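Notes to accompany the following structure.
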Amino acid sequence: MQVTRREFLGAASIAAGAVLAEHPDISHAARKEKELPSPEKLLKIGVLTCHPVHHHLPNAWAPMINRKPYKDGFIHTRMTGMVLSHIWDIDPERVRTFCEEFGTKPVKKYDDMVDKVDGVIISDVRNGDYFPELSEPYLKAGVPVLFNRPFTTSVGRAKRIIETSKKYGTPFMTMSSYEYTKEVFAMRRKVEEWGPGIRAVTAFNYSNEITHDVHGLWLTLAMIGVGIESVSVNRTVKSIFERGTDVWTIKFKARGESPPFYASLHNTSDHDSNAWVKVILDKGTFEQSLWYLKSGEGEQHSQQRYEYYLTPPMHEFQRIIERGTMSQSHEHILEKTAAFLAGFKSHLELDGRMVKLTELEDEYTVQSTPDPVRYPDGFWG
């Protein structure tokens, strides 16, 4: 079945929002009409890798999707049409504890879920070096994949996933939850109305760890689009795993007859907002701020946090499975990934100087966790 993919930011806002052409090499599996469960049945989602404690699946997505008690005892209403049904991880103990908590079924091999699930979530970024290998059998079989942010550890790995997705016509997504808040759509609408003459952008993101700067960066790009020339990061501490503050400077290319412009992203703490973005255009200035909501403040607060930040991207993944379309183009995903990695190169290797995205090597690798998982030699056979 041939599908049309549209740029997440909308064709009217920026040149990057043009309709994507369908890749000519589409497999039979991707072309055939997919039979979805009836409305009375839930979409089955496979879990592919899972940190036992400190990650999104056991602490956020799984309690919401499978309606299990959250750590404060709060139990969610049914918020999606999905259920986590199967799991694989290289660590059998991790699989055992996850199955006990959420009622999933284990499988023996990483590709054993291909004929058992409607979609797959790859969550544990400690496995980031292997995301292309882990996702390949599912993308080949037409099973959509959700990758946890910040997607991959290198541009080369991102390109491999994108090439497989295009070849087999299988959609995927990778996201910050900020990208699907209502403020993104409000800003995009205003940029469409007042654009394209952006003069400058300034933004804030609640982050003391550079690995969490991805939220502010991807939020900004979701609002105003891509088309980045270069990126720099100046940070108060050298280590990427120590707490500190920093500022990103992003130079955007000219858009049509409008000149190039800069965006600055400040990452620090603030008690009043999780993030905000202010865009200065020829016709005026528009700002959007994301609510400051943190977990552990009672049942009502937990429900609001899920409905505002965590449920919308899960709804989007469900739509991707049901409709077979991408919510962001391959080009947007590749550029937002490259921009994030370029910021690390600026900070770690170039003393905060600008890094052109065209000069970022495919093999330049950044681990967003201090303890990456290593698979044994010959594992992929």
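Residue count for the stretch 174-183 satisfying the condition of being open to solvent by less than 10 Å² (accessible area, probe 1.4 Å) and without any contact (Cβ under 8 Å) to a residue 60 or more places away in the chain: 1.
Out of the residues in the stretch 359-381 meeting the condition of being hydroxyl-bearing (Ser, Thr, Tyr) and within 22 Å of the chain's Cα centre (by Cα), tell me which one is farthest from residue 49 (Cα to Cα).
364
Going by the conditions given, is residue 150 surrounded by 23 or more Cβ atoms within 10 Å (Cβ to Cβ) and farther than 17 Å from residue 311 by Cα?
Here the answer is yes, as residue 150 does meet what is asked.
Would it be correct to say that residue 250 is out of contact with any Gly (no Cβ under 8 Å at 6 or more places or on another chain) and open to solvent by less than 70 Å² (accessible area, probe 1.4 Å)? Full working, then the answer.
Working: out of contact with any Gly (no Cβ under 8 Å at 6 or more places or on another chain): yes; open to solvent by less than 70 Å² (accessible area, probe 1.4 Å): yes.
Taking the combined requirement at face value, the residue satisfies it.
Output the residue which, of all residues in the stretch 241-266 that are among the aliphatic types (A, V, I, L, M) and assigned to a strand (DSSP E or B), is farthest from residue 347 (Cα to Cα). Of everything passing the filter in the stretch 241-266, 263 is farthest from residue 347 (Cα to Cα). The residues in the stretch 270-305 that are modelled with pLDDT of 75 or more, open to solvent by less than 40 Å² (accessible area, probe 1.4 Å) and not aliphatic (A, V, I, L, M) can be counted, and the count is 4.
Scan the stretch 145-175 for residues that are assigned to a helix (DSSP H, G or I) and not β-branched (Val, Ile, Thr) and the total you get is 10.
Checked against (1) within 30 Å of residue 237 (Cα to Cα); (2) open to solvent by less than 40 Å² (accessible area, probe 1.4 Å), residue 209 meets all criteria but (2).
Residue check: residue 213 meets all listed conditions (1) over 24 Å from residue 366 (Cβ atoms); (2) assigned to a helix (DSSP H, G or I); (3) among the acidic types (Asp, Glu) but one, namely (1). Being β-branched (Val, Ile, Thr) and in a loop (DSSP other than H, G, I, E, B) is a description that does not apply to residue 231.
Yes/no matrix, rows are residues, columns are (1) farther than 26 Å from residue 324 by Cα; (2) open to solvent by less than 10 Å² (accessible area, probe 1.4 Å):
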{"site": "91", "(1), (2)": "yes, no"}
{"site": "106", "(1), (2)": "yes, no"}
{"site": "114", "(1), (2)": "no, no"}
{"site": "128", "(1), (2)": "no, yes"}
{"site": "136", "(1), (2)": "no, no"}
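Looking across the stretch 329-361, the residues that are open to solvent by 50 Å² or more (accessible area, probe 1.4 Å) and closer than 15 Å to residue 253 by Cβ come down to 331, 354, 356, 358, 359.
Within the stretch 72-89, the set of residues being among the acidic types (Asp, Glu) and either open to solvent by 20 Å² or more (accessible area, probe 1.4 Å) or part of a helix (DSSP H, G or I) (or both) comprises 72 only. Total residues in the stretch 43-84 satisfying the condition of being at pLDDT 95 or above and more than 28 Å from residue 371 (Cβ to Cβ): the figure is 4.
Of the helices (runs of 4 or more DSSP H) lying entirely inside the stretch 267-381, those carrying at least 2 residues that are in contact with a Pro (Cβ under 9 Å, 6 or more places away or on another chain) are 311-323, 330-349. Only one of the numbered conditions (1) modelled with pLDDT under 95; (2) over 23 Å from the mean Cα position of the chain (by Cα); (3) open to solvent by 60 Å² or more (accessible area, probe 1.4 Å) is violated by residue 239, and that is (3). What about residue 251, is it under 21 Å from residue 290 (Cα atoms), of a type in the set (Lys, Arg) and touching a strand residue (DSSP E or B) at 6+ places or on another chain (Cβ under 9 Å)? Here the answer is no, as residue 251 does not meet what is asked. In the stretch 157-173, the condition of being surrounded by fewer than 24 Cβ atoms within 10 Å (Cβ to Cβ), among the hydrophobic types (A, V, I, L, M, F, W, C), closer than 19 Å to residue 312 by Cβ and touching a His at 6+ places or on another chain (Cβ under 7 Å) is met by no residue.
The values are calculated or read from the model by the stated rules, or taken from the named source; none is laboratory data. Not measured: the values here are computed from a predicted model. So basically every Cβ, Gly included, is an ideal-geometry build from the backbone, and we count neighbours across all protein chains shown. Heavy atoms of the whole protein, side chains included, go into the accessibility calculation; ligands, DNA and RNA do not. Shrake-Rupley method; radii C 1.70, N 1.55, O 1.52, S 1.80 Å.
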